Amino acid sequence: MQSQSYSRSLEFLREMDRLRRVWKLAIPNTGINKSEFFTLYTLRHPDGPTLSCPPCGGDRPAPMTLSTLAKAMKQSMPAVSQRISKLEELGYVKRVPDDHDRRTVWIHLTDSGAALLHSTGEEMLGKLEHVLARLDAQDGVSVRQLIQAFHSLALAVEEEFSTRTP
């Protein structure tokens, strides 16, 4: 029966939707959403997580172009551009034209953006560490395996849905 063959898929979708809804609780109420947070985070850590800063202190990051930022985030330029515009209005980033090539615009993380990222990151990552510690304490749950499973899931979904034929 076809409805039975989809029961796992429906259960999976329900849990993914639940996770999406509760994920909002992990982001501190700072006026930015998780996409904006990760945009700031990517500007601060373009190569991914670093162990040398707690989580966003240290030296000022190099500015990025919009195309480099979109590529690093694996998102479309229009989506990232819209987010940058909002973050610029809030004073968390600024766009600066290149001195030598006016077609190039550099996106800089401002001091207030770095400060917000630091405080938001500290709070959010602290809460997530508590969640991961709870999972570590439960029998049969390996956080490393869970992270790998999420990675594998993201790859599989990207591959399955990005190759649609009309």
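The values are calculated or read from the model by the stated rules, or taken from the named source; none is laboratory data. As the structure is a prediction and not an experimental result, all values here were calculated from the model. Positions of Cβ are generated from backbone atoms using ideal geometry, with glycine treated the same way; all protein chains shown enter the neighbour counts. The area values use the complete protein model at the heavy-atom level, side chains included, leaving out ligands, DNA and RNA. Shrake-Rupley method; radii C 1.70, N 1.55, O 1.52, S 1.80 Å.
Restricting attention to segment 120-154, which residues are hydroxyl-bearing (Ser, Thr, Tyr) and in contact (Cβ under 8 Å) with a residue 12 or more places away in the chain?
Filtering segment 120-154 down to residues hydroxyl-bearing (Ser, Thr, Tyr) leaves 120, 142, 152.
Across segment 120-154, the qualifying residue is only 120.
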Q. Looking at this structure, is residue 93 at pLDDT below 95 and surrounded by 11 or more Cβ atoms within 10 Å (Cβ to Cβ)?
A. no
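Would you call residue 157 under 30 Å from residue 25 (Cβ atoms), without any contact (Cβ under 8 Å) to a residue 24 or more places away in the chain, under 18 Å from the mean Cα position of the chain (by Cα) and surrounded by 10 or more Cβ atoms within 10 Å (Cβ to Cβ)? Reasoning before the result, please.
Details: under 30 Å from residue 25 (Cβ atoms): yes; without any contact (Cβ under 8 Å) to a residue 24 or more places away in the chain: yes; under 18 Å from the mean Cα position of the chain (by Cα): yes; surrounded by 10 or more Cβ atoms within 10 Å (Cβ to Cβ): yes.
Yes; evaluated as a whole, the condition is true for this residue.
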Q: Please note which helices (runs of 4 or more DSSP H) are completely contained in segment 1-89 and include at least 3 residues that are modelled with pLDDT of 85 or more and open to solvent by 50 Å² or more (accessible area, probe 1.4 Å).
A: 7-23, 66-73, 77-89
**Q.** Residues within segment 113-154 that are open to solvent by less than 70 Å² (accessible area, probe 1.4 Å), modelled with pLDDT of 85 or more and more than 19 Å from the chain's Cα centre (by Cα), tallied
**A.** 3
Q) Name the pairs: first residue in segment 74-85 and closer than 17 Å to residue 158 by Cα, second residue assigned to a helix (DSSP H, G or I) and open to solvent by less than 60 Å² (accessible area, probe 1.4 Å), Cβ to Cβ under 8 Å, at least 6 apart or on different chains? A) 76/70
